[in-house]
Amino acid sequence: MAAELQGDWLELATASGSTIRVLKAAHPRARRLRLTVTPKGARVSYPNGTHPSQVSAFLRSHADWLERKLDELNLIVKPLPPLRVGHSTEFPLRGETVRLDWAEGPYPRVESSDGGLTLVIPRPHTRALPVARGLLASHFEAQMRRDVSRWMASYVPQLGLAPTSLRIRPMKSLWGSLDTRDRINLDLALALAPPAALRYVLAHELCHLKVRSHAPRFWALVATLFPNWREQRDWLRVNGATLKAELDRLVADVAD
């Protein structure tokens, strides 16, 4: 088993072939290393000054327990088949399982059908995989922007406020964020989720334009825009790790 530090996250490879992502955080009042598991995922906290190797060793020593607990919560992501040129695969799109096929053509493009998507790639195939990943990322983003623009037309008048811009990109841990300049970021993986989940995240970030915290009045405001927000939040907690893993295998290495 190996543990690799990546920003605020640590990735732990288990003996079963799974990869566990653990949020890591130094805590000024912590006296010891502590590992917790919730429906949101795994978290390791530790005293300030703890060496990264100590954190990694601590996680490796608890890997079996961690894997068991996450599996109980359906948060373990099983290894997914890699995206391979010319090989069909299935993946979630807008909450439905669809098929991804390949074809040859004079220029690269994505063709949509009821059953899924077809990636059309011209010969020669020397850069077919990165081209395919870029096509998928662009297709997912365009689809999300169509949905978001339709919902924003309703939400912005209700709030009386609008974001200054919208950015859609792969995000490691969050589903969305609002920065200090009122710019909204949305995770590209939401293209794979049911539209209602994307709509919840959009409503959530828009409400932060009025209430920056998660105080009770914030959630009351979310409920006015999107009454069934709890259902979609819980869906993302259960299925989020799988969605992010699916997006990673489809568009990994695509520049932000």
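The values are calculated or read from the model by the stated rules, or taken from the named source; none is laboratory data. What you see is a predicted model; the values in this text were computed from it and never measured. Reconstructed Cβ throughout: ideal geometry from the backbone, glycine too, with neighbour counts over all protein chains shown. SASA here: full protein model, heavy atoms, side chains in, ligands and nucleic acids out. Shrake-Rupley method; radii C 1.70, N 1.55, O 1.52, S 1.80 Å.
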Count, please, the residues in region 114-145 that happen to be touching a Leu at 6+ places or on another chain (Cβ under 9 Å), touching a residue at least 24 places away in the same chain (Cβ under 8 Å) and either part of a helix (DSSP H, G or I) or acidic (Asp, Glu) (or both).
-> 12
Across region 196-235, which residue is nearest to GLU67 (Cα to Cα) among those that are open to solvent by less than 10 Å² (accessible area, probe 1.4 Å) and touching a residue at least 40 places away in the same chain (Cβ under 8 Å)?
-> ALA197
So which pairs qualify, if the first residue must be in region 164-178 and free of Cβ contacts under 8 Å to residues at least 60 places away in the same chain, the second must be β-branched (Val, Ile, Thr) and part of a strand (DSSP E or B), the Cβ gap must be under 9 Å, and the two must be at least 6 apart or on different chains?
-> THR164/ILE184; SER165/ILE184; LEU166/ILE184; ARG167/ILE184; GLY176/ILE184; SER177/ILE184; LEU178/ILE184
With respect to VAL44, is the statement that it is within 22 Å of ARG169 (Cα to Cα) and either of a type in the set (Val, Ile, Thr) or in contact with a strand residue (DSSP E or B) (Cβ under 7 Å, 6 or more places away or on another chain) (or both) true?
-> no
Report yes if some residue within region 87-96 is in a strand (DSSP E or B), at pLDDT 90 or above, open to solvent by 60 Å² or more (accessible area, probe 1.4 Å) and under 28 Å from GLU141 (Cα atoms); otherwise report no.
-> yes
The correct count of residues that are open to solvent by 30 Å² or more (accessible area, probe 1.4 Å), within 21 Å of ARG31 (Cα to Cα) and in a helix (DSSP H, G or I) in region 52-69 is 7
Do any strands (runs of 3 or more DSSP E) entirely within region 146-256 hold 1 or more residues that are under 25 Å from ALA42 (Cβ atoms) and basic (Lys, Arg), and if so, which?
-> 165-169
